[in-house]
Protein chains: 2
Amino acid sequence: MRATKRVRLAPEARRAQLIALGVELLATRRLDELSVELIAKTAGISRGLLFHYFSSKQEFHLEVARAAAAEMIRRTQPDPTLAPVEALRVALTSFVEYVEENPDNYKSLVRGAASGDADMRAIFDETRRTMAQRIVDVIAAQGLEVQARVVLAIAGWVAYVEECVIRWIDTGTVSRDELLDMLTKSLPAVALSATDGEVGTLLSVLTADQAIGAD
Amino acid sequence: MRATKRVRLAPEARRAQLIALGVELLATRRLDELSVELIAKTAGISRGLLFHYFSSKQEFHLEVARAAAAEMIRRTQPDPTLAPVEALRVALTSFVEYVEENPDNYKSLVRGAASGDADMRAIFDETRRTMAQRIVDVIAAQGLEVQARVVLAIAGWVAYVEECVIRWIDTGTVSRDELLDMLTKSLPAVALSATDGEVGTLLSVLTADQAIGAD
């Protein structure tokens with residue numbers, strides 16, 4: 001018997017390659033439709049070899065979900081060189097583009113991750129927390145005090161944005177620009193609604209709100 | 001053999017009784033923990049008899065989820081004799097009370113219903129739609145035009161409230177009154193952020209907003 005010479009990747013590189021392939025395939029199917037057979041076939045390896053790199057289908061799915069969430073977080077990173085409101089609009093634009101490119105993937109991440117599976121839910125919760133924390137950090141960087149109520153409102157706002165974008169894709173009753181405009185304005189709106197609501201504060205946000213609209 | 005005489009309920013009444021019992025048991029456990037054995041034991045019937053009324057555990061769980069959602073909708077019905085903002089605050093108070101009484105049940109409804117099961121998701125979507133539509137109806141009853149963007153914002157707002165209340169229960173960093181105050185104010189805030197944002201409209205909402213704070 002003569003051994004055939006083949007290009008062999010280091011185990012970690014092969015693992016990363018298989019995860020990246022999984023994320024890529026998610027563009028056109030939901031996570032629960034991502035079969036081990038399809039991955040193995042697309043990668044040109046045997047089903048058995050795949051299980052050399054991942055202990056189970058569940059572990060593979062978790063790694064793919066984690067990588068997809070990391071990609072979404074990376075793409076929606078606020079640009080620190082922009083003014084906060086402008087950075088918010090740019091980040092929301094990237095977010096909407098991401099969901100538009102991967103609608104089924106995104107819905108399965110939101111829904112699947114909200115499911116009974118504790119590990120999947122942890123990825124989802126961590127993603128939401130990261131997105132909310134980034135906003136808290138931007139507000140704090142302005143030298144503003146971020147009250148516990150505002151932290152709560154920002155966590156709720158992440159769910160608000162997700163729901164609006166999913167419904168927007170499903171219904172298409174609102175233009176893309178209108179969607180981006182309303183999402184951008186909704187963050188100061190809910191942050192404001194979570195403060196004591198004094199007239200002075202309201203007026204200052206009112207002014208900031210006008211600035212958002214004007215470009 | 002002599003037949004023992006027992007009080008026999010009509011099938012529909014027995015079915016309704018078992019569903020009500022399921023909803024009751026949800027106060028202290030999640031839907032996925034609601035076993036057929038527990039229900040049968042608590043109702044004093046055999047496991048086999050339960051399957052005389054429900055074709056499967058899945059059907060039983062769906063009926064329990066449907067009844068729990070209907071109860072939540074009933075309890076948070078806005079009072080038409082109150083001014084809209086006051087009706088909103090009262091309805092939100094009922095909602096927070098409902099979630100406080102049934103935290104695990106509520107989380108499992110939100111999470112479970114957001115899961116891969118299409119029937120369960122349909123109940124959840126229908127509940128969210130009903131809650132959103134009620135608000136659209138109240139706004140329309142004021143003679144105001146409800147733009148597509150505002151309809152989208154209201155759908156997002158329902159997700160916002162759910163997320164805020166779930167996080168509030170988990171963290172406890174904000175008082176109950178503060179929570180109710182921020183949730184009540186957040187509805188006009190997001191509705192406003194979804195309009196064109198003209199100064200006149202903003203000012204009128206600003207005034208309404210002050211009215212919410214003053215009581």
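The values are calculated or read from the model by the stated rules, or taken from the named source; none is laboratory data. Computed from a predicted structure; not experimentally measured. Backbone-built Cβ (ideal geometry, glycine too); neighbour counts: all protein chains shown. We work out accessible area using only protein heavy atoms, side chains counted, and drop any ligands, DNA or RNA first. Shrake-Rupley method; radii C 1.70, N 1.55, O 1.52, S 1.80 Å.
Residues being polar (S, T, N, Q) and within 18 Å of the chain's Cα centre (by Cα): count how many of those fall in region B:144-185.
Result for region B:144-185: 1.
What's the total number of residues in region A:160-180 that are charged (D, E, K, R) and more than 8 Å from chain B (Cβ to nearest Cβ)?
Qualifying residue count, region A:160-180: 3.
Among (1) touching a helix residue (DSSP H, G or I) at 6+ places or on another chain (Cβ under 6 Å); (2) closer than 16 Å to residue B:133 by Cβ; (3) not in a helix (DSSP H, G or I), there is one condition residue B:173 misses while meeting the rest; what is its number?
(2)
Residue B:153 fails exactly one of the following numbered conditions: (1) facing another protein chain (nearest Cβ under 8 Å); (2) free of Cβ contacts under 8 Å to residues at least 40 places away in the same chain. What is the number of that condition?
With respect to (1) facing another protein chain (nearest Cβ under 8 Å); (2) free of Cβ contacts under 8 Å to residues at least 40 places away in the same chain, residue B:153 is out only on (2).
Over 27 Å from residue B:149 (Cα atoms), at the interface with chain B (Cβ under 10 Å from one of its Cβ atoms) and not acidic (Asp, Glu): does that describe residue A:121?
Yes; evaluated as a whole, the condition is true for this residue.
What about residue A:194, is it of a type in the set (Gly, Ala, Ser), open to solvent by less than 30 Å² (accessible area, probe 1.4 Å) and closer than 23 Å to residue B:186 by Cα?
Yes; evaluated as a whole, the condition is true for this residue.
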